[in-house]
Amino acid sequence: MKTSGNTILITGGASGIGRELAERFQAQGNTVIIAGRRRDRLDAVTEANPGMVGHVLDVEDKAGIEAFAATVIAAHPDLNVLINNAGIMQFEDLTRSRDLSDAEAMVTTNLLGPIRLTNALIDHLATRPDGAVINVSSGLAFVPLVSTPTYSATKAAIHSYTISLRDALKGKVEVIELVPPAVQTELTPGQSTREGYMPLGDFMDEVMTLFATQPTPPEILVKRVGFLRFADSEKRFDQTLATVNDVADKARAAQH
């Protein structure tokens, strides 16, 4: 992936990793479009970053995604990079029957959202020079957090889908997976200050260095996420599962 001269669309671009990606890619000489559900948050980011453009998008809205794609292509015909970053994470209790609306929302946002938006844009991206799709998964795709089972499962599915997408689009569109570890963002309440989570700035410094590597790795893996990414291949999955869940539970408990 080239690092400048792109027109990049980033979903979930008003906060956290999405905002950092937007600001850093813009600083490298890219045209950046951010998308998110709330106009006020988008406006706050674009006002702080002159030249950046914001579009409202609810990735849970199937029909809305198609309309959004048509609008963005018309307004930004040079669009050549899609970053599927929008996601939600909810804690769940699997030990009892419950309302599954939170689980269903995570599947729709985290899995169907990227599939639908990629589908809506792929014909256009395939015509553009240096076209690329970047899917943001998670270290939890490889070792799940028991308290966030549906989130972990959607990220495992995104990892698998990205592998298929990469092979199908070989020679047409570059497909990259960005795999964050636990990062200090507001993905869940209190996470931005949670002990043991990777500071967002440190994470992004390492990510942008990896994006600058030529050729760009098919998986953007900061050093910290290797503990999760390679747990199975290094034959320490059960130990890693226990450790990760114990550390996460203690970190959350310390904040309450």
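The values are calculated or read from the model by the stated rules, or taken from the named source; none is laboratory data. These figures come from a predicted structure and were not determined experimentally. Here the Cβ is made from the backbone with ideal geometry for all residues, glycine too, and neighbour counts use every protein chain on show.
Okay, here's what the table says:
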{"quantity": "Output for segment 191-230, where each listed residue is in a loop (DSSP other than H, G, I, E, B), exposed (fewer than 13 other Cβ atoms within 10 Å of the Cβ) and either modelled with pLDDT under 90 or polar (S, T, N, Q) (or both)", "calculated": "Glu195, Gly196, Thr213, Gln214"}
{"quantity": "Set Val146, Val183, Val179: member being closer than 30 Å to Leu94 by Cβ, aliphatic (A, V, I, L, M) and surrounded by fewer than 21 Cβ atoms within 10 Å (Cβ to Cβ)", "calculated": "Val146"}
{"quantity": "In segment 141-188, residue farthest from Ala103 (Cα to Cα) [restricted to those that are part of a helix (DSSP H, G or I), polar (S, T, N, Q) and in contact (Cβ under 8 Å) with a residue 40 or more places away in the chain]", "calculated": "Thr154"}
{"quantity": "Condition met for Gly29 (surrounded by fewer than 13 Cβ atoms within 10 Å (Cβ to Cβ) and within 24 Å of Leu178 (Cα to Cα))", "calculated": "yes"}
{"quantity": "Qualifying position, being over 23 Å from Glu177 (Cα atoms), touching a residue at least 24 places away in the same chain (Cβ under 8 Å) and touching a strand residue (DSSP E or B) at 6+ places or on another chain (Cβ under 6 Å), among Leu42, Leu21", "calculated": "Leu42"}
{"quantity": "Hits in segment 231-256 - residues which are surrounded by 15 or more Cβ atoms within 10 Å (Cβ to Cβ) and in a loop (DSSP other than H, G, I, E, B)", "calculated": "Ala231"}
{"quantity": "Selected residue (only one of Arg37, Arg96, Arg24 is within 25 Å of Ile122 (Cα to Cα), surrounded by fewer than 19 Cβ atoms within 10 Å (Cβ to Cβ) and at pLDDT 95 or above)", "calculated": "Arg24"}
{"quantity": "Scan of segment 214-234 for residues that are within 21 Å of Lys155 (Cα to Cα) and either over 22 Å from the mean Cα position of the chain (by Cα) or not aliphatic (A, V, I, L, M) (or both), ordered by number", "calculated": "Pro217, Pro218, Glu219, Lys223, Arg224, Gly226, Phe227, Arg229, Phe230, Asp232, Ser233, Glu234"}
